[in-house]
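A.B. asks: Please find one structure pasted underneath; my questions will follow.
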């Protein structure tokens with residue numbers, strides 16, 4: 001009995017290690033992911049606190065703000081309208097305070113996009129902090145910036161007068177999160193629903209039986225994609241309905257722009273899904289390929305936090321990832337009132353990605 005068990009055990013181990021793809025996706029890929037994310041998150045030693053500063057009507061900073069910056073030695077950088085100061089914090093690490101001077105409308109857009117967590121303005125009584133108190137990151141930014149500017153945390157009743165709770169639609173964290181969840185839902189549903197389903201059919205020899213019929217290969221793949229788009233529309237509709245009734249989230253921009261983004265996003269990931277599942281019949285390799293697509297984008301594309309927190313060199317790459325373009329586009333429609341013309345570049349790029357990936361996948365598609 002024991003001999004039979006060990007013989008079976010050894011045979012299964014050999015079966016696994018003889019498949020190079022299984023070893024790569026199980027061992028190599030996690031190492032590469034940890035290396036890449038480790039570089040992205042640890043390359044910059046300073047904690048960065050980005051804040052928008054509202055300029056006066058004439059485009060200049062208020063004299064009180066300029067005097068405060070001068071007294072704290074907050075210097076203007078070579079970048080226009082950017083002021084910085086690095087606070088040495090010893091064992092806790094340095095804190096880089098970055099203030100961007102802009103108008104009120106641009107400051108609100110920065111908030112909605114997660115590029116800053118707080119806006120400060122100047123009144124007769126001094127600095128006024130505008131932020132969402134429900135957002136933990138905004139609270140931490142407020143406490144650190146307030147301590148830096150005034151020398152004390154917000155613990156007194158008097159300092160509460162300097163806080164302006166944001167009530168502007170689209171500036172809450174939930175307003176930032178819901179569009180990201182809709183975009184991520186599209187990616188996850190399409191990638192796992194189409195890719196894994198295709199690999200499973202190939203493994204069970206079902207695709208081999210289909211190829212013997214007079215079925216058009218393109219029609220077969222297109223029908224799967226259309227069915228998945230319908231399911232995604234229902235899922236996104238339920239999520240939006242929940243957010244609308246529970247969190248009072250509305251689409252401030254064009255509904256047609258949102259529909260175009262939704263369709264092009266499905267097209268992009270459907271093409272990637274067909275390409276990802278066009279060859280292998282091994283579900284373990286399939287899992288690795290799917291995770292290689294969805295995991296980096298799920299982390300990097302700004303679903304739960306702004307991708308602007310990554311190093312500047314990586315942002316130039318991240319912003320052109322399919323999930324990033326889809327998420328940014330949906331957020332602009334939801335929170336910024338974007339119309340059709342604003343989202344057309346993203347719609348065009350996503351559609352092109354889908355068409356190219358689908359064409360390649362269709363050409364190299366393996367039925368068995």
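A.B. asks: Which of the peptides 288-294, 251-257 is most tightly packed, and how do the rest follow, going by the mean number of other Cβ atoms within 10 Å of each residue?
C.D. replies: Top of the packing list down: 288-294, 251-257.
A.B. asks: Test of understanding: ordering 125, 171 by Cβ neighbours within 10 Å, fewest first, what list do you get? Intermediate values should be presented prior to the final figure.
C.D. replies: Values: 125 10, 171 22.
Ascending number of Cβ neighbours within 10 Å: 125, 171.
A.B. asks: Quote the FRET efficiency, to the nearest 0.05, computed for residue 6 versus residue 209 with a Förster distance R0 of 41 Å and r equal to the Cβ-Cβ distance. Provide the component values of the computation, followed by the final result.
C.D. replies: Values: r = 38 Å, r/R0 = 0.92.
With a Förster radius of 41 Å, E is 0.65.
A.B. asks: Arranged from highest to lowest average of other beta-carbon atoms within 10 Å per residue, in what order do the peptides 323-333, 113-123 appear?
C.D. replies: Values: 323-333: 26.0, 113-123: 20.8.
Descending mean neighbour count gives 323-333, 113-123.
A.B. asks: Hey, could you get me the Stokes-Einstein D for segment 121-254, Kirkwood radius over alpha-carbon pairs, 4 °C and 1.567 mPa s, rounded to whole µm² s⁻¹?
C.D. replies: For these conditions, the coefficient is 67 µm²/s.
A.B. asks: Show me 186-192, 356-362 ranked by packing, highest mean number of other Cβ atoms within 10 Å first.
C.D. replies: 186-192, 356-362
A.B. asks: OK, next. Need one number for segment 173-364: average projected area of the convex hull over its C-alpha atoms, nm².
C.D. replies: Mean projected area of the Cα convex hull: 11.3 nm².
No value in this document is a laboratory result; all are computed from the given coordinates. Keep in mind that what you see is a predicted model, and the values were worked out from it rather than measured. Using ideal geometry, Cβ is built from the backbone for each residue, glycine included, and neighbour counts are taken over all protein chains shown.
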